[in-house]
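A short worksheet on the structure shown next.
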Amino acid sequence: MSAAKKSDWDVSDIDTWGPERHQLGATIPVAGNSEEVETGGWRSQVPVISPEKCTGCLLCYFYCPDASIIIEDGKAAGIDFEHCKGCGICARECPAKAIAMKAEEKE
Amino acid sequence: MSGQNTETLAVTGNEAAAEAMRQIDPDVVCAYPITPQTEVVQLYAQMVADGKVSSEFVTVESEHSAMSAVIGAAAGGARTMTATSSQGFALMWELLFVASSYRLPIVMTTVNRALSGPINIHCDHSDSMGGRDSGWIQLYGENHQQAYDNCIQAVRIAEHLEVRLPVMHMYDGYVISGAIGPLVMLSDDQVQDFIGPFTAVNPLLDPKRPVTVGPFDGLHGWYFEHKVAQNRAMDRALKVIQDVADEYGELSGRHYGLFEPYRLDDAEIAIVVVGSTAGTTRLVVDKLRAKGVKAGMIRMRVFRPFPHAAYASALEHVKVVGVLDRADSFGAQGGPLFLEIRAALYDNDPRPQVLPFIYGLGGRDIFPDNIEQAFAVLEKAAQEKGRTSTGRRYLNLRED
């Protein structure tokens, strides 16, 4: 059996599920679905990239626990704000100091 | 089938349970190897060392870890067993709920012994009765034979796809666990054929089909629905327990129900009792019957799920029921079994009187005379007009 795809387990109407439709023991029977959990709302600080300082070493990309660094043309080009928790690891690890943490401005 | 084995062995209750474990030969056994553990896993460790079983035997640093480790192994896809008693059971507490809510078919032998304090190592049912709402199926045995028979049946019940819940089976500490009694065993092949191969549901150790076990349910998740699913599995387990018992009866010649009535058909007064004291009670019932007293008995076997409708039916003609609890529920109207029986009979018309008796805490002996005293209370209550006080009555308590 090959790896189950996200689409094999359609949870789009899970709010309407009764007890019998859920997986035994609340097991999640597919992998690769953590991106469906939007953790951006946890953020109190936000990373700001200075593109002119980025050397393209990609350390931020590898250190980011939420795979939220968007790379374009070999350089840090942006942040996936639906998943970035604002932990600041990217700013801490960047050797070129191309990422700074600023206070999140909540609407 | 070749003829049933009738060779009777003389073993301790713990040896009976360990022999059942040997014949089941689970994939993984995790246990804390020091007191308050029982002789069961000590004997099993010897079997592992002697190469009599193929189990992975994991010794851990506490009973909390023992239950954690079997949960991990079961989630990984293994058939798992462990054993515990008393304080060890209490230390497993939070993991008991994890095992049942993950729907892992773990089988655990529990030797019933008192909880501290004062420090006491003797028999009562406080340990497993305290775990009655942990989501585990609970089978209580009376003697050595049932310590063996329940252990084997527990595997089939736990692993049944309509159930998939952990099962604990109990027998009385020392009275059964350490004392020698008769045992008739099935052959190793018969046990293996009866339990069959184990198939895990959504096992963790399947790299081709990755799953997450035990996830956070979200801030507004489906915990409630999962709890209802657990309870529905408990409801379905009643039939499964009986079906497994019937199949086991055909195999072994030893037949079990959800409970065991004794001389109940025309009884006017009856005692409901758990564990080894059932033997003493049967003796007293026979003595009273010889005097013309219409006394009867039920030995409780399955406590979770509780077969309330079957009790309501079995006891409908009885005027007064006495319930003997070897554990108390402090501040409640009576002991755990009393509360269940009284609730089960509430809708009966006429409604029998149900009186609570507490006995045997911390291993206090229970003699036939004590059971006769209980029956005397029931007999008096049956003759009186009006209803008798339902305050606790204690058997063999030292009183000023």
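The values are calculated or read from the model by the stated rules, or taken from the named source; none is laboratory data. The model shown is predicted, which means the values in this text are computed figures rather than measured ones. Reconstructed Cβ throughout: ideal geometry from the backbone, glycine too, with neighbour counts over all protein chains shown.
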Could you please let me know if B:Val318 is more than 25 Å from B:Ser116 (Cα to Cα) and surrounded by fewer than 22 Cβ atoms within 10 Å (Cβ to Cβ)? no
Select, from B:Gly135, B:Gly51, the only residue that is under 18 Å from the mean Cα position of the chain (by Cα) and either of a type in the set (Val, Ile, Thr) or surrounded by fewer than 24 Cβ atoms within 10 Å (Cβ to Cβ) (or both). B:Gly135
Do we find a residue being more than 14 Å from every other protein chain (Cβ to nearest Cβ), of a type in the set (S, T, N, Q) and without any contact (Cβ under 8 Å) to a residue 60 or more places away in the chain anywhere in region B:129-143? yes
Could you grab the pairs with beta carbons closer than 7 Å, sequence gap of 6+ or different chains, first residue in region B:77-96 and under 26 Å from B:Phe198 (Cα atoms) and assigned by TED's automatic domain parsing to the domain that holds B:Asp124, second one among the aromatic types (Phe, Trp, Tyr) and assigned to a loop (DSSP other than H, G, I, E, B)? B:Arg79/B:Phe198; B:Leu96/B:Trp136
Output the number of the condition that B:Gly214 fails; it satisfies all remaining conditions of (1) within 14 Å of chain A (Cβ to nearest Cβ); (2) at pLDDT 95 or above. (2)
Does any residue of region A:36-47 turn out to be touching an Asp or Glu at 6+ places or on another chain (Cβ under 6 Å), closer than 30 Å to B:Val228 by Cβ, within 14 Å of chain B (Cβ to nearest Cβ) and part of a helix (DSSP H, G or I)? no
Considering only strands (runs of 3 or more DSSP E) fully contained in region B:259-376, which possess at least 1 residues that are among the basic types (Lys, Arg)? B:295-300, B:302-304
So which residues in region B:40-57 are in contact with a strand residue (DSSP E or B) (Cβ under 7 Å, 6 or more places away or on another chain) and either touching a residue at least 40 places away in the same chain (Cβ under 8 Å) or among the hydrophobic types (A, V, I, L, M, F, W, C) (or both), if there are any at all? B:Val40, B:Val41, B:Ala45, B:Val48, B:Phe57
Could you tell me whether any residue of region B:265-274 is away from every other protein chain (no Cβ under 14 Å) and farther than 21 Å from B:His308 by Cβ? yes
Checked region B:193-211 for anything of a type outside the set (Ser, Thr, Tyr), more than 11 Å from every other protein chain (Cβ to nearest Cβ) and either part of a loop (DSSP other than H, G, I, E, B) or touching a His at 6+ places or on another chain (Cβ under 7 Å) (or both); matches are B:Gly196, B:Pro197, B:Phe198, B:Leu205
Which residue pairs have Cβ atoms closer than 6 Å, lie 6 or more positions apart in sequence or on different chains, and pair a first residue in region B:160-178 that is within 11 Å of chain A (Cβ to nearest Cβ) with a second residue that is in a loop (DSSP other than H, G, I, E, B) and of a type in the set (D, E, K, R)? B:Arg164/B:Arg103
In the list B:Ala290, B:Ala237, B:Ala229, which residue meets the criterion of being over 23 Å from B:Gly360 (Cβ atoms) and within 13 Å of chain A (Cβ to nearest Cβ)? B:Ala229
Please go through region B:7-39 and give me each residue that is among the charged types (D, E, K, R) and either over 25 Å from B:Phe198 (Cα atoms) or without any contact (Cβ under 8 Å) to a residue 24 or more places away in the chain (or both), ordered by number. B:Glu7, B:Glu39
Of the residues that make up region B:56-71, is at least one touching a Pro at 6+ places or on another chain (Cβ under 8 Å) and either of a type in the set (D, E, K, R) or in the same structural domain as B:Pro207 (by TED's automatic domain parsing) (or both)? yes
Out of the residues in region A:17-35 that are closer than 28 Å to A:Phe81 by Cα and outside any loop (DSSP other than H, G, I, E, B), state the one that is farthest from the other protein chains (Cβ to nearest Cβ). A:Glu35
When you scan region B:228-245, do you find a residue that is without any contact (Cβ under 8 Å) to a residue 24 or more places away in the chain, buried (at least 20 other Cβ atoms within 10 Å of the Cβ), over 16 Å from the mean Cα position of the chain (by Cα) and more than 24 Å from B:Val53 (Cβ to Cβ), even just one? yes
Restricted to region B:321-356, and to residues that are free of Cβ contacts under 8 Å to residues at least 12 places away in the same chain and among the aliphatic types (A, V, I, L, M), which residue is surrounded by the fewest Cβ atoms within 10 Å (Cβ to Cβ)? B:Ala332
Within region B:103-130, how many residues are buried (at least 22 other Cβ atoms within 10 Å of the Cβ) and either outside the structural domain of B:Tyr248 (by TED's automatic domain parsing) or not β-branched (Val, Ile, Thr) (or both)? 14
Any residue that is within 22 Å of the chain's Cα centre (by Cα), of a type in the set (A, V, I, L, M), buried (at least 24 other Cβ atoms within 10 Å of the Cβ) and outside any strand (DSSP E or B) - is there at least one of those in region B:61-68? yes
Please find, among B:Ala83, B:Ala154, the residue that is under 21 Å from B:Tyr256 (Cα atoms), away from chain A (no Cβ under 14 Å) and of a type outside the set (S, T, N, Q). B:Ala154
